[in-house]
Structures are given as C-alpha cells and as structure tokens.
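Reading through the structure tokens given below for one structure.
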Amino acid sequence: MTEKYLAQPDLDFIALVRGLGGETLKKCYQCASCSVACPIAPENSPFPRKEMIAASWGLKDKLVSNGDIWLCHQCGDCSDLCPRGAAPGDVLSAVRTAAIMEYARPRSLAKAVNDPKKLPFLIGIPAIWFALLAFITMTAGETMTKIFNTFGIAWSHAHEGAEHVIAQAEFFSTWFVDLTFVPTATAVVLIFFFSLKHFLNDIHENAVLEGKTDKTTLNYKEFFQALIRVIPIVLKHDKFNECESNKDRATPHMMVLYSFIGLFIVTSIGFILLYIAQSPGPYSQLNPMKWLANISGVALVIGSSLMIKNRLDKKEDQVTTYKDWFILGLVFSLGLTGMLTEMARLAHFAWITYFFYYLHLIAIFNLFAFLPFSKMAHLVYRLTAMSYAEYGNRK
C-alpha cells in the first residue's frame with residue numbers, strides 16, 4: 001500500500017535554493033528528460049526529476065534527507081538536454097548546499113560561510129589571531145621559554161645550525177601552529193561525526209519510505225564494508241568519467257583530491273618527525289617528503305586553476321555562485337601561498353617568506369575550520385551517500 005504523504009511547502013526553502021544557484025527550478029515541467037539523460041542515475045526511482053518537483057514545491061523534508069541528491073555529480077548532461085533550461089544540475093547543487101547548512105552545527109556558522117557579506121569576518125578573525133601569535137613568537141621568546149620550561153617542554157623547535165637558515169618557526173612558533181590547528185581539526189571531526197550520524201539515519205529512513213533499498217535496518221558494520229568498496233570508485237573518479245558534458249572536470253578534480261592526500265601524508269610525517277623523532281625542519285629538498293610536498297603543491301595549484309578555468313569557460317551553461325568561488329578561491333590560495341612560501345625561502349627572502357606563510361596559515365584555517373559548512377563538505381556527504389547506496393543495494 002502506498003504511504004500517504006502530506007505535502008508541507010516551505011517557501012523560505014524555495015527562496016534559499018534559488019539564492020544558492022537554483023533560480024531555474026520553476027522552469028521544470030516534469031518531462032523526465034533529465035532522469036533519462038543522466039548516465040549515473042539508478043534505474044529504480046532515478047534522479048533528478050523527482051528532486052526537481054520536490055524543490056519546486058518546497059518539500060524541504062523530502063530533499064535534505066534524500067541521499068540521491070549526493071549521488072549526482074553535476075556532470076551537466078541533464079542540464080544540456082533540458083528543453084526548458086531548468087538546469088537540474090545547478091538546482092541539485094543548490095539543494096546540496098542547503099542540506100549542508102541544515103545538518104552542520106552551529107547552523108549560524110554554516111549560513112555565515114555561505115554569505116559573501118561575512119567574508120571579511122571569516123578572513124579577518126584568523127588574520128588577527130595569527131598576527132598576534134606571530135608577534136608573540138618574535139618578541140616574547142624568553143618569556144615563552146620560561147613558561148614552557150615550567151612544564152618541562154622546550155619552547156623552540158630550532159635544530160642545530162638553524163640560525164643559518166630561514167625557518168617559519170622563527171616567525172610563527174610550531175607550538176602555536178599545532179595549538180591552533182589540532183583543536184580545530186578535532187572540532188571539525190566531531191561536527192562531521194554528529195552531522196553524519198543524523199544524515200545517515202535520515203537518508204536510510206528516506207530510502208526505506210520510498211522503496212529505494214531492501215534494507216529495513218541500518219547495519220553499521222555492513223555500511224563500513226560498503227564504504228571500503230566505494231573508496232576505490234571515488235579515487236578512480238569512475239562516476240565523473242561516466243558523464244559526457246563535463247568529463248573534462250575529472251582530471252582537475254583528481255589532481256586536487258590526490259594533492260590533499262599527498263599533503264595530508266606530508267603533514268602527518270612532519271608531525272611525527274617533530275614530536276616523536278625530535279627532528280624539526282626545514283628539511284632538505286632531496287628529502288622524499290619534500291618531493292611529495294612539492295609535487296602535491298604544484299598539482300594543487302594546477303588542478304584548482306583548471307577548475308577555475310572550467311567554470312569561467314562554461315559560465316553561460318553552468319551557474320557559479322559565491323559558494324563555488326569561495327571554495328575554489330581558498331583551494332587555489334592554499335596551494336599558491338604554500339608554493340610561494342617555499343620559493344621565497346629558497347631564494348633567501350626572509351620577510352617575503354614570512355608574509356606568504358602568514359597568508360598560507362589564513363587560507364589553511366579558512367579551508368579546514370569551515371570544512372563542515374562549505375561546499376568542500378560534499379566530499380564527506382557524497383562519500384557517505386554513495387556508501388549507503390552501495391550498502392542499500394541501490395540499483
């Protein structure tokens with residue numbers, strides 16, 4: 001027997017979706033061309049036709065808890081073939097941002113990250129914080145040494161002969177870096193944990209209600225097994241490569257993805273070398289860790305540049321809103337400032353090195369502190385939704 005559903009239109013939600021880049025949603029007249037055109041839509045209850053009508057009617061409860069909005073990779077095939085120019089890919093992108101804002105806590109921070117008027121605060125607050133800590137590092141070394149010695153900890157991580165090289169730790173203490181970013185990373189992980197727990201329960205409930213799964217209960221062990229099976233699909237960008245209209249997006253996305261993986265490995269090794277092996281940097285350019293760091297940094301700059309170029313080339317066919325430019329700008333800034341910091345250090349320009357390092361820290365903070373609230377969060381939500389689809393035998 002068909003489940004009865006009482007439609008409760010949310011006009012504010014419609015306005016939100018339109019403001020996030022889905023202003024064409026009212027053009028949809030349910031011809032289903034989009035669902036037929038999509039190369040990755042499941043045969044059972046395919047998207048995005050049903051999502052388009054739900055967005056048009058303002059059915060927020062049916063959309064934000066719908067795992068199918070995350071299976072869409074915004075390849076553009078549906079938008080290219082839409083006879084009314086309803087741009088389903090852009091609408092679903094807007095709905096995904098709305099879903100991120102719904103699940104992330106605090107919700108006010110999610111709204112701020114997606115509001116261009118708040119950008120000066122998002123940049124200004126960490127800029128002031130890092131400037132203060134840099135001032136302490138450069139002017140209060142003796143005082144900080146005494147404070148740290150009371151706990152039996154060395155304030156300076158400078159190695160023998162460090163006075164003859166340029167080291168970022170002389171401008172911004174390594175302790176301050178880690179005392180800023182370790183708690184930030186912990187908070188991000190906790191936010192994602194609670195958000196995804198709620199999200200996973202919701203998409204399961206939605207899938208059961210709409211008959212998109214044969215699983216009646218949520219088995220976390222089987223879900224994590226599905227997650228392991230999905231990771232290679234993500235790493236190979238199989239879904240991206242099934243698309244036609246925006247197939248050229250696959251390579252830049254892979255470059256950025258593998259860049260972050262490489263930089264994560266480098267950061268982890270650096271952390272171990274510093275605090276366990278007691279071997280602080282800077283390290284030789286012949287060190288394999290530096291090879292990986294430099295290759296990843298260059299790939300990040302090139303990959304993000306190609307993504308920006310792709311957006312500019314297709315500005316007539318694909319809506320690019322503030323949420324898109326925010327994350328693209330941050331990723332590009334992160335890679336560029338990191339490489340410029342390294343180049344200036346090798347050229348022995350101390351204060352130029354410190355200046356670029358200062359900008360680099362601001363970029364890092366904005367990217368990772370606001371990760372659960374920005375478009376970058378789609379990496380985590382999409383992986384979760386794809387894993388659930390694998391677990392739930394979505395065909």
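The values are calculated or read from the model by the stated rules, or taken from the named source; none is laboratory data. The model shown is predicted, which means the values in this text are computed figures rather than measured ones. Note that each Cβ is placed from the backbone with ideal geometry, even for glycine, and that neighbours are counted across all protein chains shown. Ligands, DNA and RNA are excluded from the accessible area calculation, which covers all protein heavy atoms including side chains. Shrake-Rupley method; radii C 1.70, N 1.55, O 1.52, S 1.80 Å.
Of Phe326, Met307, Pro288, whose Cα points farthest to the positive end of the dipole of the range 282-332 (charges on the beta-carbon: +1 Lys, Arg; -1 Asp, Glu; origin at the Cα centre)?
The residue sitting most towards the positive pole is Pro288.
Roughly what angle does helix 88-103 make with the longest principal axis of the chain, taking Cα atoms, 0 to 90 degrees, to the nearest 10?
60 degrees
Can you pull the accessible area of Thr217 for me, 1.4 Å probe, Å² to the nearest 10?
So the heavy atoms of Thr217 present about 90 Å² to solvent.
Computed FRET efficiency, Cβ-Cβ of His348 and Val298, R0 25 Å: what is it to the nearest 0.05?
The calculated FRET efficiency here is 0.70.
At q = 0.11, 0.16, 0.18, 0.21 Å⁻¹, what base-10 log of I(q)/I(0) does the Debye formula yield for the range 1-146 when every alpha carbon is treated as an equal point scatterer in vacuo?
-0.52, -0.86, -1.02, -1.25
Once you have all Cα-Cα distances for the range 349-391, histogram them in 10 Å bins from zero and send the whole-percent values.
Spelled out per bin, shortest first, that is 26, 28, 23, 15, 7, 1.
Beyond a 19 Å Cα-Cα separation, which of these cross-linked pairs lie in this structure: Lys60/Lys117; Lys215/Lys375; Lys197/Lys221; Lys26/Lys375; Lys212/Lys395?
Lys60/Lys117; Lys215/Lys375; Lys26/Lys375
Let me know the Rg and Dmax you get for the range 63-186 when you use only its Cα atoms, in Å.
Calculated on Cα positions, Rg and Dmax stand at 23.4, 72 Å.
Which of the cysteines in the chain are isolated, no other cysteine C-beta under 4.7 Å?
When partners are defined as cysteine Cβ atoms under 4.7 Å apart, the chain leaves Cys28, Cys31, Cys38, Cys72, Cys82 without one.
Rounded to the nearest Å, what's the spacing between the alpha carbon centres of the range 26-102 and the range 266-312? Just the number, please.
37 Å
Taking every pair of alpha-carbon atoms in the chain, give the share separated by more than 27 Å as a whole percent.
Across the chain, Cα pairs with separations above 27 Å total 54 percent.
In whole Å, what is the distance between the alpha-carbon centres of the range 354-395 and the range 215-242?
Here the answer is 17 Å between Cα centres.
Quick one: if you stick a label point 7 Å off each Cα along the C-beta vector at Ile40 and Leu379, how many nm between them?
Reported label-point gap for Ile40 and Leu379 is 1.6 nm.
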